[in-house]
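Below is one structure, written out as structure tokens, with a few remarks after it.
The values are calculated or read from the model by the stated rules, or taken from the named source; none is laboratory data. Small disclaimer: the values here were computed from a predicted structure and weren't measured. Cβ placement follows ideal geometry from the backbone for every residue including glycine, while neighbour counts extend to all protein chains displayed. Just so you know, the surface numbers come from the protein's heavy atoms only, side chains and all, with ligands and any DNA or RNA stripped out. Shrake-Rupley method; radii C 1.70, N 1.55, O 1.52, S 1.80 Å.
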Amino acid sequence: MSRRLSLLLVVLCLVLPGSFARASGFEHVARLAGQGYRLGARAELLDSGRVLGAIAPRRSLSPASVSKLYTAAAALDRWGPQHRFTTRLVSTGVIDDDGVLHGDLVLEGGGDPALVSEDLWRLIQRLRQRGVTAVRGQLVVSQWRFGPVECVTTDRCRAASRADNAYSARLSSAAVNYASWCLDVLPGRVGGAARILSCNTVEPTTRVDNRVTTVARGGESRLDAERVTDERGDVLVVSGQIARDSQPRALYRASSDPAEQTARTLQAMLERAGVGVSDGTAVSRTRPPAAATQLASVDGEPLQTLLQRMLDYSNNFMADTLSLDLADTPRATLPQAGKAVAGFARGLPGHGPLVLHSGSGLTPENRTSAQGVTTLLATLYRRPALFPAFLAGLQLPVNGPMHFIRRGDPLFQNHVMLKTGTLNQPVAVRALGGYFRTASGRWGAFSVLINGTASTPYLAWSTVLDAVSADLAAMIRAH
């Protein structure tokens, strides 16, 4: 080897520490760097700590929804897999001999990230069992723990006035149904308007602008919906057409005010159960008095069930609600909640720098490294009381609910359990983190973080998964 070539190799190693010089094991992933993307990757065997591949493993990059792994780990560390969040109905009023509650009925939001209509029905049943037949006062929804939470991302800020999706749902400790309205669209008479009902209360509890027509049997069904907000509150504008022989189609759109949504939904359910409320509804940020009597309560699903749902479907509302639950700051902001999650991970030896502005990863300012993600994964692997609940939320590509990951080498499909992360603005982010089992049954952890720049093109997941699949399959086969 010439002296000039030797010097060139030394310079490359200094300029690109941990990058192409250590791309062994990630040869396919490394090729994306030649297209202008910023990469970080690491894979290791968990029994020995042996590194099987690395590309700039300490480079600080956006993890997108891989951030949810941190939220899940921090929640398990704080509460354990069987923790349940409690929602209560309380009052300082008095129940007379006829079952009339004289005073306000207060729903105290417990920060349950998966409180749904069925839980409200159980609350009402227990209220009736307590003997309450009517309320002479207001129905008050208390979001004293947090809410409405100030938006810090473009999508959530826009959702204050309009939303054409459910993932941008706003945050409250007293939210129900993931802070989204749900409508069922059913066919009517051919040529006439479709029927629109609520998924939860039969009659919609918010205004609906029905622009859907019914077409003949065998026709095409196509629907669109947008929630807009004016001085009177939310209205769901539903348009398109539905075939006469079509099954009901459900549409979900984020509400502008989750606590107000809860108040309307619970009031409609109370009336349907025969419990009238004389003075309407209100929303409060005030904690119920200590002297208030508990009239009914309902516990949500165990944390391990919540985490599986949150990770499987990458539910931003659930992740950010859990991170707010973790914050000790009264009425925490989303960045404060992110710091609470990060506080757990910063204590892990070898993790390195970490910045979380949210627990969901919807905030593009989140930063970690492939080294950090694999350190987190290794930590949970070595905690047998928590690991099964953590692992259960990761997807096996061959049968996970996200169909786009069902590609690549069969070894990748059947031996890898992972969480993905995606952002498209302000730059493309494609991120993965998870575990793999080698051909001999050994456990490994890996992370691949890919960030675009202002000058790089859109990055298809198929391109990323094909590269990651080829590299991980080689590691699995070799060990």
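See the values below:
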{"read-out": "Residue 176 being open to solvent by less than 10 Å² (accessible area, probe 1.4 Å), closer than 28 Å to residue 273 by Cα and at pLDDT 95 or above", "value": "yes"}
{"read-out": "Residues that are surrounded by 23 or more Cβ atoms within 10 Å (Cβ to Cβ) and more than 17 Å from residue 416 (Cα to Cα), drawn from region 40-55", "value": "40, 54, 55"}
{"read-out": "In region 200-256, residue most open to solvent (accessible area, probe 1.4 Å) [restricted to those that are within 20 Å of residue 190 (Cβ to Cβ) and of a type in the set (S, T, N, Q)]", "value": "247"}
{"read-out": "Residues (in contact with a Lys or Arg (Cβ under 8 Å, 6 or more places away or on another chain), closer than 15 Å to residue 414 by Cα and in a strand (DSSP E or B)) located in region 425-444", "value": "434, 443, 444"}
{"read-out": "Residue that is surrounded by the most Cβ atoms within 10 Å (Cβ to Cβ) [pool: residues in region 444-479 that are closer than 19 Å to residue 434 by Cα and among the aromatic types (Phe, Trp, Tyr)]", "value": "446"}
{"read-out": "Residue check, residue 393 more than 13 Å from residue 72 (Cβ to Cβ), in a loop (DSSP other than H, G, I, E, B) and open to solvent by less than 50 Å² (accessible area, probe 1.4 Å)", "value": "no"}
{"read-out": "Filter pass, residue 265 being open to solvent by less than 20 Å² (accessible area, probe 1.4 Å), among the hydroxyl-bearing types (Ser, Thr, Tyr), in contact (Cβ under 8 Å) with a residue 12 or more places away in the chain and not in a loop (DSSP other than H, G, I, E, B)", "value": "yes"}
{"read-out": "Residues (crowded, with 22+ Cβ neighbours inside 10 Å and outside any loop (DSSP other than H, G, I, E, B)) located in region 92-122", "value": "101, 105, 106, 107, 108, 120"}
{"read-out": "Residue list for region 306-359, filter: acidic (Asp, Glu), surrounded by fewer than 17 Cβ atoms within 10 Å (Cβ to Cβ) and under 15 Å from residue 69 (Cα atoms)", "value": "312"}
{"read-out": "Failed criterion for residue 259 (all others in (1) within 29 Å of residue 157 (Cβ to Cβ); (2) open to solvent by 10 Å² or more (accessible area, probe 1.4 Å) hold)", "value": "(2)"}
{"read-out": "Qualifying positions in region 337-359 - in contact (Cβ under 8 Å) with a residue 12 or more places away in the chain, out of contact with any Leu (no Cβ under 9 Å at 6 or more places or on another chain) and of a type in the set (Gly, Ala, Ser)", "value": "350, 352"}
{"read-out": "Any hit, region 272-286, residues being among the hydroxyl-bearing types (Ser, Thr, Tyr), part of a helix (DSSP H, G or I) and touching a residue at least 24 places away in the same chain (Cβ under 8 Å)", "value": "no"}
